[in-house]
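Everything on this sheet refers to the single structure shown next.
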Amino acid sequence: MLTAALLTACSTPSTDRSAGPPSAATDSSDAPPLAPMDTTAASATNVHSDTLKAVRTRHLFSSPSAPDLFQLVLRGDSLLGGEATFTITAADGTVIFREALSSADLEASMVYEMNKPDATRQEREAFLRRRMGEFFAPKNFHQPAIDPKATYQPGTVDRVVWDDLRKRNGTVSFQYLVGKEDGRRIAWSPLRRQVVRIGGFGG
């Protein structure tokens, strides 16, 4: 049976503290520290010392001309017990999206690739590194954000915002998987001036 941790649960430059020195393509060694998840209760932990892996890329999203910075940074005492912060930062430095994801959230989909009941810790860590490395793969960005022939999905953004996005040209959406089956699709809404969830995929 799978372990409890597993069940609960492009080519972008990255840094991986546990995997040794970063490669020459890494762009995070000189990057400024990320803002804490909750600025009203900032952690006293040193950002540099507890960063296990970071991936980042730039892609058009909230602006048709200035790319946003997409970042996924995993912090903690171990790869399998850490917490990742997914942020999108606009060209002017404003953080327009922030979400916390556990290592288990990122690792859970490993069950679909396993050909044996259990995975070793090394196998799980390798999968987690690969999953983070592919998080911002080009295939996860879509333009337009909503296909003109798409059907509205209740339980996401309200219909007015969804219809507005569907009619616009040049919009971009980003999709990512949380856990085993929670596929999320997000986009910038010019009408709301914020990131909204426009749909889902998977189970």
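FYI, it's all coordinate maths here, none of it is from the lab. On a predicted model such as this, the values are computed, not experimentally measured, just so you know. Please note: Cβ atoms are built from the backbone with ideal geometry, for glycine as well, and neighbour counts cover all protein chains shown.
Quick look at the values:
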{"read-out": "Under 5 Å, built H, 5+ apart or other chain: amide partners of residue 183", "value": "178, 201, 203"}
{"read-out": "Contour excess over end-to-end distance, with Cα ends at residue 181 and residue 158 and 0.36 nm allotted per residue", "value": "6.0 nm"}
{"read-out": "Highest-first arrangement of 89-96, 164-171, where packing means the average Cβ count within 10 Å", "value": "164-171, 89-96"}
{"read-out": "Within the range 81-159, chymotrypsin sites (Phe, Trp or Tyr not before Pro) in DSSP loop having at most 15 other beta-carbon neighbours inside 10 Å", "value": "152"}
{"read-out": "Sparse-neighbour loop sites [GluC sites (Glu not before Pro); the range 101-159; at most 16 other C-beta within 10 Å; DSSP]", "value": "113, 134"}
{"read-out": "Contour excess over end-to-end distance, with Cα ends at residue 66 and residue 118 and 0.36 nm allotted per residue", "value": "14.2 nm"}
{"read-out": "Restricting the range 173-203 to chymotrypsin sites (Phe, Trp or Tyr not before Pro) in coil, as DSSP defines it, with at most 16 other Cβ within 10 Å", "value": "none"}
{"read-out": "Gyration tensor verdict on the range 82-151 (Cα atoms; rounded if a/c is under 1.5, prolate if a/b is larger than b/c, oblate otherwise)", "value": "oblate"}
